[in-house]
Structures are given as structure tokens and as C-alpha cells.
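Working notes, structure below.
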Amino acid sequence: MAKLEFQTLEELREAIRAHKETAASLIRHLHRIEQEYSDWEDRVVSIENAIEEAEKIVGLKKEEIETPKDVFEEFF
């Protein structure tokens, strides 16, 4: 860990202000990441539910739904 040295009280205050500003920026970034993850997780659940429903309707396994056969294999 780097040792910080300050010559004046004003330098120390500036370092504290900059540190708080960085912390606020990191917290905002964390909140955005949390929201993006939550949205991603919701899509995963939605996709999994759709796959389960498709398995019941068309009788394909999850792997067959995720990785379709090429056009020629579909006909045979």
C-alpha cells in the first residue's frame, strides 16, 4: 500500500474529496452492474422457461433446441 504524504491541510482535504468522489463513482458503477446482472438473470429464467415449454410442445431435448441442426439435417 502506498504511503500518502501531504504538505498542507488543503492537500489532505483535496485527497479526501477525490477519494470520496472515486468511491461515489464506484458505487454508481456497482449499482449499474447489479441492475444489468438482475436483468440478465431475468432473461435466463425466461429463456429456461421457454425451453422447458418448447421441450413439452415439440418433443426436442434442450440441447437440440439450443443447437439446431443445419438445413439438410432438418429434412432427414
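Just a few scattered comments:
- Complete set of residues in the stretch 1-59 that are over 22 Å from the mean Cα position of the chain (by Cα), acidic (Asp, Glu) and in a helix (DSSP H, G or I): Glu10, Glu11, Glu14, Glu21, Glu52, Glu53, Glu55
- Look at the stretch 63-75: where a residue is under 23 Å from Glu53 (Cα atoms) and a partner is modelled with pLDDT under 70 and assigned to a helix (DSSP H, G or I), sitting 6+ places away or on another chain with Cβ atoms under 8 Å, you get Pro68/Glu74.
- Selection count, the stretch 60-71, where residues are out of contact with any Asp or Glu (no Cβ under 9 Å at 6 or more places or on another chain) and in a loop (DSSP other than H, G, I, E, B): 4
- Taking the listed residues Glu52, Glu36, the one that is among the charged types (D, E, K, R), surrounded by 10 or more Cβ atoms within 10 Å (Cβ to Cβ) and within 25 Å of Glu64 (Cβ to Cβ) is Glu52, with no other qualifying.
The values are calculated or read from the model by the stated rules, or taken from the named source; none is laboratory data. As the structure is a prediction and not an experimental result, all values here were calculated from the model. Methodologically, a virtual Cβ is constructed for each residue, glycine included, from the backbone with ideal geometry; neighbour enumeration extends over all protein chains shown.
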